[in-house]
Amino acid sequence: MATDTTPTVATAGPVAVRRDAPPAEPRRLNFGRALAWTFMILVILVSLFPFYWMLRTALSSNNALYAGSGSLLPVQTSAGGFERVFGLQTGQEAIDAGGAGQAINFWRYLFNSVVVSTLITAGQVFFSAMAAYAFARLQWKHREKVFAFFLAGLMIPAIFTLLPNFVLIKQLGLVDTLLGIALPTMFMTPFAVFFLRQFFLGISREVEEAALMDGASKVRVFFRLIIPMSLAPITTLAILTYIASWNEYFWALMVSYTDRSRVLTVALGVFKSQTPQTGPDWSGLMAATLVAALPMLVLFMLFAKRIVNSIGFSGIK
Amino acid sequence: MVTTTSIRSAKSGQARNGPRDDTRLALLFILPALIGFGVFLVWPTLRGIYLSFTKFNLLTPPQFNGLDNYVRMVQDPVFWNALKVTLYYVILNIGFQTVLALVIAVMMQRLTQRTWLRGIVLTPFLVSNVVAAMVFLWILDYQLGIGNTILAAVGVDRIPFLSSSSWVIPTIAFINVWRHVGYTALLIFAGLQTIPETVYEAGRIDGASEVRMFRSITVPLLRPILSLVLIITVVGSFQVFDTVAIATRGGPVDSSRVLQFYIYDVAFGRFQFGYASAMSVALLAVLVAVTFLQYRLTRAETSDLA
């Protein structure tokens with residue numbers, strides 16, 4: 001039953017994860033184990049160091065970075081970088097610190113990112129769930145053929161549809177709008193449909209039959225039974241979709257021209273091109289980078305276990 | 001009302017104990033997805049192929065010009081260079097990433113199965129390519145980057161990571177490995193979990209070493225998941241764009257001008273959408289061929305774990 005992610009993932013996925021039998025760990029500390037741990041610690045350091053370095057640089061004062069490039073702690077601790085990102089400095093102050101003179105519309109970009117990611121996630125997950133329900137639980141002619149056709153869509157790489165989709169969005173007059181950025185992935189992705197169908201297939205017939213006997217309609221069964229019972233995989237898919245759309249750059253770059261539709265990833269690129277090429281405003285750039293990354297890091301902290309455990313299942317991306 | 005009738009027919013169907021038919025309701029349920037699928041996936045695919053045979057600048061309607069774009073492509077040295085650079089990147093990126101991910105996955109399985117370790121390794125995946133590119137642009141800066149400071153401390157000469165034509169592609173590959181290796185390792189880790197521990201016990205009783213068991217048990221039994229991972233990551237890495245767009249914009253000279261960046265440049269820098277489409281068709285063809293080849297070579301359909 002789909003009440004908890006872990007067992008569902010374990011049984012319904014193409015990769016059957018065996019969690020019942022953890023391998024016996026040889027506990028004695030020998031040379032090989034020590035070597036392995038050294039390697040893992042190195043991996044952990046390399047994974048996390050850049051995050052620390054963003055923070056350390058963001059908290060440094062930009063002009064002091066040149067002298068103290070080797071210091072592991074912030075040099076001349078200052079919140080100036082963050083102030084520039086949030087537009088709390090005057091243009092002259094920013095230029096003096098090596099930043100761009102223009103105001104940075106950070107809150108606008110954050111708002112845009114939230115709107116786009118929420119639109120995509122809400123639409124994609126809901127519509128994909130509806131389709132998945134039709135493919136998993138409803139009886140209709142040509143069901144398998146249509147589903148196979150959907151799956152074939154997995155084969156088309158994103159790059160290929162980007163240019164024609166841009167032409168389409170332009171013809172619809174949606175260039176430089178948030179809807180224009182969200183639209184192509186708002187209705188479905190073949191992966192989302194496939195992912196949810198797997199779970200819906202696993203829900204027992206009896207529960208559904210009982211509800212139908214009681215006079216519930218199929219629509220009611222979907223909303224009152226299937227969705228609540230699949231809350232765990234739906235949340236997982238929603239989180240993964242949110243992260244992916246938050247981090248999307250290429251498509252957003254194509255569609256947005258002004259602050260009206262600029263999302264954080266695109267704004268970050270613009271911010272970088274605004275700072276002087278000769279002596280970039282590294283503390284400002286790192287403050288912006290950290291601030292742009294923060295929402296997803298917080299989301300990860302909240303749902304780390306669920307995200308980590310679902311990766312094995314989401315293999316077919 | 002579509003819904004009521006279909007529900008009624010479904011119910012009566014059940015009452016007859018015959019096969020139920022929910023066609024109308026099903027159609028209603030897949031309609032949004034079908035619209036998205038048709039309008040933003042199928043139609044663009046067909047249109048992209050059509051546009052590749054036209055001269056199109058976005059402002060005037062596309063003009064059919066036959067194979068002109070393809071002829072131009074075959075004669076365009078920048079295209080061939082972009083293809084070469086992309087291939088070089090893919091090979092470096094995939095080689096490095098797969099080996100590293102495999103090692104990390106095995107270590108995670110043998111050392112500790114705790115979530116925190118997997119969480120840490122996955123953390124870089126949470127940030128965008130743009131963020132990753134920016135951080136490493138700073139860490140690997142020639143003058144001030146901590147990367148070069150560390151190198152200097154151990155007595156290695158400074159390396160112009162992103163400004164030398166021989167270092168730039170390996171550096172971009174490294175940045176993307178940093179972001180993606182945790183994800184790949186977790187996919188492989190999930191595959192490792194499917195190998196029954198009894199196989200290892202048998203190996204241990206026979207006196208096999210860890211290395212021997214890795215070679216003779218883990219790798220062969222992991223083949224299906226490895227080939228799946230390879231197909232996903234190869235297709236993904238052919239589409240490298242973000243890092244190049246942020247960190248180098250194709251430079252120095254053309255040494256990091258990957259195909260996708262060139263396509264973008266031709267389309268949005270010069271408004272030659274027809275030619276850009278032709279190159280996307282070429283990229284699609286390469287991807288299909290690579291996927292097919294990989295599938296055959298790795299015998300993805302067969303598993304030793306019957």
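The values are calculated or read from the model by the stated rules, or taken from the named source; none is laboratory data. Note that the structure is predicted; figures quoted are calculated from it, not measured. We place every Cβ from the backbone using ideal geometry, glycine too, and count neighbours over all the protein chains shown. Areas reflect the complete protein model, heavy atoms only, side chains present, ligands, DNA and RNA absent. Shrake-Rupley method; radii C 1.70, N 1.55, O 1.52, S 1.80 Å.
Here are a few things to note about the model shown:
- Remark: A:Lys305 falls outside the filter, which requires a residue to be basic (Lys, Arg) and more than 17 Å from the chain's Cα centre (by Cα).
- Residue in region B:73-94 that is closer than 30 Å to B:Ile217 by Cα and of a type in the set (Lys, Arg) present: no
- Residue that is farthest from A:Arg205 (Cα to Cα), among those in region A:115-142 that are in a helix (DSSP H, G or I) and facing chain B (nearest Cβ under 7 Å): A:Phe127
- Within region B:260-269, tally of residues that are within 16 Å of B:Tyr89 (Cβ to Cβ) and touching a Phe, Trp or Tyr at 6+ places or on another chain (Cβ under 8 Å): 4
- Among the residues of region B:133-157, the ones that are of a type in the set (A, V, I, L, M) and over 27 Å from the mean Cα position of the chain (by Cα) come to 8 in all.
- When region A:50-68 is filtered for residues that are surrounded by 19 or more Cβ atoms within 10 Å (Cβ to Cβ), polar (S, T, N, Q) and either within 9 Å of another protein chain (Cβ to nearest Cβ) or over 16 Å from B:Asp141 (Cα atoms) (or both), the ones remaining, listed by number, are A:Thr57, A:Ser60.
- The listed residues are A:Pro276, A:Pro233, A:Pro184, and the only one of them that is open to solvent by 30 Å² or more (accessible area, probe 1.4 Å) and either assigned to a loop (DSSP other than H, G, I, E, B) or touching a residue at least 60 places away in the same chain (Cβ under 8 Å) (or both) turns out to be A:Pro276.
- Residues (free of Cβ contacts under 8 Å to residues at least 60 places away in the same chain, within 10 Å of chain A (Cβ to nearest Cβ) and not charged (D, E, K, R)) located in region B:148-186: B:Asn148, B:Thr149, B:Ile150, B:Ala152, B:Ala153, B:Trp178
- The lone criterion from (1) at the interface with chain B (Cβ under 9 Å from one of its Cβ atoms); (2) surrounded by 22 or more Cβ atoms within 10 Å (Cβ to Cβ); (3) in contact (Cβ under 8 Å) with a residue 24 or more places away in the chain left unmet by A:Phe250 is number (2).
- Hey, A:Leu168 in a helix (DSSP H, G or I) and either free of Cβ contacts under 8 Å to residues at least 12 places away in the same chain or within 12 Å of chain B (Cβ to nearest Cβ) (or both) or not: yes
- Residue check: A:Tyr109 meets all listed conditions (1) facing chain B (nearest Cβ under 9 Å); (2) in contact with an Asp or Glu (Cβ under 8 Å, 6 or more places away or on another chain); (3) of a type outside the set (D, E, K, R) but one, namely (1).
- The residues of region B:218-255 that are modelled with pLDDT under 90 and within 7 Å of chain A (Cβ to nearest Cβ), listed by number, are B:Ile225, B:Leu228, B:Ile232, B:Val235, B:Gln239.
- If only residues of region B:104-145 that are at pLDDT below 90 and closer than 27 Å to A:Thr275 by Cβ are counted, the one that is nearest to the other protein chains (Cβ to nearest Cβ) is B:Leu144.
- Pairing residues of region B:50-63 that are on the phi > 0 side of the Ramachandran plot with residues that are in a loop (DSSP other than H, G, I, E, B), at Cβ distances under 9 Å and at least 6 apart in sequence or on separate chains, gives B:Leu58/B:Phe271.
- Residue-level check: of (1) within 22 Å of the chain's Cα centre (by Cα); (2) open to solvent by 10 Å² or more (accessible area, probe 1.4 Å); (3) under 20 Å from B:Arg47 (Cα atoms), B:Ile263 misses just (2).
- When A:Val298 is tested against (1) in a helix (DSSP H, G or I); (2) over 16 Å from the mean Cα position of the chain (by Cα); (3) surrounded by fewer than 18 Cβ atoms within 10 Å (Cβ to Cβ), only condition (2) is not met.
- Test: B:Gln193 is over 30 Å from A:Leu253 (Cα atoms) and either in contact with a Lys or Arg (Cβ under 7 Å, 6 or more places away or on another chain) or surrounded by 17 or more Cβ atoms within 10 Å (Cβ to Cβ) (or both): yes
- Candidate set from region A:66-81 (those that are in a helix (DSSP H, G or I) and more than 18 Å from B:Ala153 (Cα to Cα)); member that is modelled with the highest pLDDT: A:Gly81
- Test set (1) under 17 Å from B:Tyr89 (Cα atoms); (2) under 21 Å from the mean Cα position of the chain (by Cα) - B:Pro252 fails condition number: (2)
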